[in-house]
Each structure stands twice: as structure tokens, then as C-alpha cells.
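First comes the structure, then the notes that go with it.
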Amino acid sequence: MRGRIADQDNLFRLSVFPASFQGARHFALSKFWNFHRLPSGSYVASVMWQRYAPTEVYLHRCGCRTAANRNEKVQSLARRNPTRHIYCGAYQFTANAIRRLKVDLPQVNFSDVYHSIEDGEIAHSEVRVDLDPGDINPEGTMTEILASLWRQSAGPLEHVCEGDEENRPHPKSKLLPAPRGPYIDSRSRLRRQLHVLRYQLLNCLWLNSDSQHPPAGPKHHSSASFMSTIKYRICKRLWQCYSPPPSQS
Amino acid sequence: MHTPFIQQQTLLVLNSGSENPTPSGAVRAVNDTYSAAVVPNTASGVPEQLMVRETFSSVPVVWQSQIVREYRELGSALQELTELGQNEDWKVDAPVLGSALNVAANLMANRYPAPQVFTHGPQSVVFNWSSGSNELYLTISADKVSALITTPQCIAHRVDFLAHEFQESGMFLSSLRSADSNLQVRLLTGTVSDPLEPVF
């Protein structure tokens, strides 16, 4: 079981240089989304759920960690002159934009987004799209999917990570303005603070849980396992608070 | 994806019979787009097809050199797509490259502005023109071409062709122009600082 994301919830797709750019020169939709085809034929891509990246600060931290992890991997391969990965920013859209694909495009059989923790990023969610196997022009359909998502996106929310200031010009300057204009956080200040509080509580419980660092733990955690871990930790804390102290006798 | 398309594709056309801007500095700016010859310009009373033709006849050298340079860059970009050594996932198959080069040649012959290019993977190349929030995509595979027009409100139109239809008769371009009568591209005129956009 995986976590359902409400239609109106905000999601963010991160843009990292050079992965999101064609020939490291210009921003390219296909590279930005980088849909990965599974053996089952489904196309999947990663996004961040605002519920667990409640403000721009938290979102950009995810982006900077993503770029840093990629740089670590490249360095471990000991390549000559490895290209440095640089987080540039993110684009916003709603879960509904993804679910509308199967309504708007007859060649799409299935489209949805689920909460699916990956590499310890609790905001990580997975977009999945299935094409009609009888589609005679899947390449054209893929363009239509990308174009449809693009026209419903807002942003970019640009960012320069610590340590990237020296990259001039910073590749974030190559990000294109989204068709829906800049992203505006319409939540009230109070609601934003509540979301931050909720995130910090859940993140704290998650980080302190045993399942965060299992001996040979899975790379992915379902939302169900995430919530069951949280509940377990809450129960454990409550039990510690309310259980009688051990007898002194 | 290439929003600055307008700025790059803009031609500055001097007033008829003049080689210098008017004293006020006003010049007429013309943006030729993929369907610029569709709609009569009701404001001026001059058919836009005629306006475009007249405009181009006044600056053929500028236009030709610009378009040749842009398509030369496009050719280099396409060639690079077949030579990607590090990431095979994005390397384009040779038949797709051949088809894309044919489409590019037809576009150039019809004086369409050079597009931006990206790929989904080995089996297709996508040509993309942007104008503000409106987009035109041509998805070119070895044997098919798919044209997609989007506006911020909707996917306006999609037309699929066999690649040879495009190469043999130029039917593709005329079909694209008449793909949807609701899609209207107007030639806008104004000063250099005005936003120059085809209006869908």
C-alpha cells in the first residue's frame, strides 16, 4: 500500500544541472522530467510532496542533498573531470495535473502519484504513467504528456546551494519561466507554520526510528510503513511516559 | 524549450525605402512563425501573408544568413545526439537522425525559424518552438512525425503524420498551418521594446 496524495496538494519536480539540460546548454522538458521506463512498461519519475517539504527552505534542502549525493556517486567512480551536479531550483504542479493525464489523453491508461520514501527523503513521491499498449505513436504521446505537465506548472523556484556560489554563470539562469507563472504559496502564515510543525514532528520520529537505518534496509519505504513507524514511535513514547516506574524493591 | 525564441527570431525591418530607423527610433519588428501566414490583419487591412512576403523581400540577406546560421547550429546539435558517448539512454538512432534532418531541411526551405531540439531517447527527436506560454512541438521518429500545439489553457491540437508525407509533398506544413482554425497567429508590429508574440 502506498500513500495517497490529495488532488490539490502541491508537488515539486527538482531541476539539477546537467541532467535537466540538453547538451548542458538549454533546459529540456524530457531531460527535466527524465521519465524512467520500468520493465513493466510503466514510466516513473520522482517528485517532492509539499506535505513533507513544507516550505521552500525544506524543498531546496532536498534539492541540494540530491545534487550532493550525485556528486558523491560520481566521485566514487573516480572519473576524470567529472561534471559537477548543481541544483538549480524546482517547478510546482498539483497531483491533479498528473491524474488529469489519463482523462485528457486517450493514449494514457493510468496516471497517478504516490508517496514513496526513497533514500531517506520523506518527501519523495513517485509519478507513474502507463501508456495504452496499442498506441501507434508513443513518442508523440510522451511529448504530449510532458507538454501537458509543463503547461500546468509554476515556477521556477530558483536556488543556489551552499558551495555553488562560485559557479558563474549559475545554471539556474537557464531555467525557463513556467507557463503558469511564478509559484505563489497561497497558504496562510499560520497554516504554513502548522505544516512545518507537523513535518518536524514526523521527521523527528522517523529519524529516531529503527527503520531509518535497517541493517540491509530497503531503498524505498512505502507511506504505509512510514506511518506505521511513526505510530509505533508515538505509542512507544506514550508508553514510556505513562508506564509505572520500575519498583525499587 | 526555448522561451527567448522571440528575441532570437526577431527581425528588425526598416521602414520602406529607408535604410535608417525613423527619427523617433521606431522600427517595425516582425516575427515570422510557423503559421504566420494564416490570418488577415484586420487592424491594418493588409493580409498578413502579403505583409510577411513584403517584409522578407525587404531584408532577404539578413533573413537568409540568420536562418542558415541557425540551421547550421541545429545540424550540429542533431549530430551531437548521435555521438553521446557517456549516456546511451539518450543517444538517437541513425534512422531517427535521418528523418530529423529531412524535416529540418524542409523547415529551412520554408523559412521556418530553427527550433530547439531535445530527445525522449533513441527513438525520437523533438523540435520545439516557444512563444510566451504557447508551444509547438514536432516529435520526429524514424517513420512518424507528430505535431502538438499547446496553450496555457489546453492541448490545442495534435496531428500525426507519416514521415514520408512530409518529405514528399510538403503536405505537413500546410496541414500544420490549417491544423485548427481556432489557432490564429497574428503578425504583431510595434517598437523594439514591445513584446513580440504570435497570438494563438
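Read the figures in this text as sums done on the coordinates, not as results from a lab. The model shown is predicted, which means the values in this text are computed figures rather than measured ones. Positions of Cβ are generated from backbone atoms using ideal geometry, with glycine treated the same way; all protein chains shown enter the neighbour counts.
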For this session: Would you mind calculating the relative contact order of segment A:3-186 from Cα pairs under 8 angstrom and at least 6 residues apart, reporting the percent as a whole number?
Result: 27
Exercise. How large is the charge dipole for segment A:3-186, taken about the Cα centre, if only the Cβ atoms of Lys, Arg (+1) and Asp, Glu (-1) carry charge, to the nearest 20 debye?
Worked result: 460
Exercise. So what is the relative contact order for segment A:113-210, in percent, with contacts set as C-alpha pairs under 8 Å and at least six apart?
Worked result: 20
For this session: Per residue of B:120-130, count partner chain C-beta atoms within 10 Å of its C-beta, then hand back the mean as an integer.
Result: 4
Exercise. Past the 25 Å Cα-Cα mark, which pairs from A:Lys102/A:Lys174; A:Lys31/A:Lys174; A:Lys174/B:Lys91; A:Lys73/A:Lys172; A:Lys73/A:Lys102?
Worked result: A:Lys102/A:Lys174; A:Lys73/A:Lys102
Problem set entry | Rel. contact order, % - alpha carbon contacts under 8 angstrom, at least six apart, segment A:9-69 | 35
Problem set entry | Positive-end residue, segment A:3-186 charge dipole about Cα centroid, Cβ charges, pick of A:Gln107, A:Phe21, A:Leu38 | A:Phe21
For this session: Provide A:Cys64, A:Cys204 in ascending order of the number of other Cβ atoms located within 10 Å of each residue's Cβ, fewest first.
Result: A:Cys204, A:Cys64
